[in-house]
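S.K.: One structure follows; several queries about it will come next.
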Amino acid sequence: HIACDSRSASEIVVPVFDASGDLIAVFDVDSTELAAFDAVDQQWLEQILAATFG
């Protein structure tokens, strides 16, 4: 975890791929709450990013 904000207590990072499968970005979200993200969050973020960029 690399905190960009001193209030950050948890983070989720999801790779973003284009239609050809190339990595084009990394989606990074921080929260002030400890353990704010789980596998469900990861799954939905991956699906949203794939539908948007893939």
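So that you can scan it fast, the table gives a plain yes or no per residue for (1) of a type outside the set (A, V, I, L, M); (2) part of a strand (DSSP E or B):
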| site | (1), (2) |
| --- | --- |
| S6 | yes, no |
| I24 | no, yes |
| Q47 | yes, no |
| A50 | no, no |
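S.K.: Can you tell me which residues in the range 1-16 are within 12 Å of the chain's Cα centre (by Cα) and either at pLDDT 95 or above or of a type in the set (A, V, I, L, M) (or both)?
M.R.: Matches in the range 1-16: I12, V13, V14, P15, V16.
S.K.: Restrict the check to the range 28-38 and report whether at least one residue is within 12 Å of the chain's Cα centre (by Cα), surrounded by fewer than 12 Cβ atoms within 10 Å (Cβ to Cβ) and free of Cβ contacts under 8 Å to residues at least 12 places away in the same chain.
M.R.: There is at least one residue in the range 28-38 that is within 12 Å of the chain's Cα centre (by Cα), surrounded by fewer than 12 Cβ atoms within 10 Å (Cβ to Cβ) and free of Cβ contacts under 8 Å to residues at least 12 places away in the same chain.
S.K.: Between L45, L23, which is surrounded by 14 or more Cβ atoms within 10 Å (Cβ to Cβ) and among the hydrophobic types (A, V, I, L, M, F, W, C)?
M.R.: Step by step, each of L45, L23 is checked, and only L45 is surrounded by 14 or more Cβ atoms within 10 Å (Cβ to Cβ) and among the hydrophobic types (A, V, I, L, M, F, W, C).
S.K.: Also: Can you confirm whether V40 is aliphatic (A, V, I, L, M) and in a strand (DSSP E or B)?
M.R.: In short, no.
The values are calculated or read from the model by the stated rules, or taken from the named source; none is laboratory data. Since the structure is predicted, the reported quantities are computational estimates derived from the model, not experimental observations. Neighbour counts run over all protein chains shown; Cβ positions are idealised from the backbone, glycine included.
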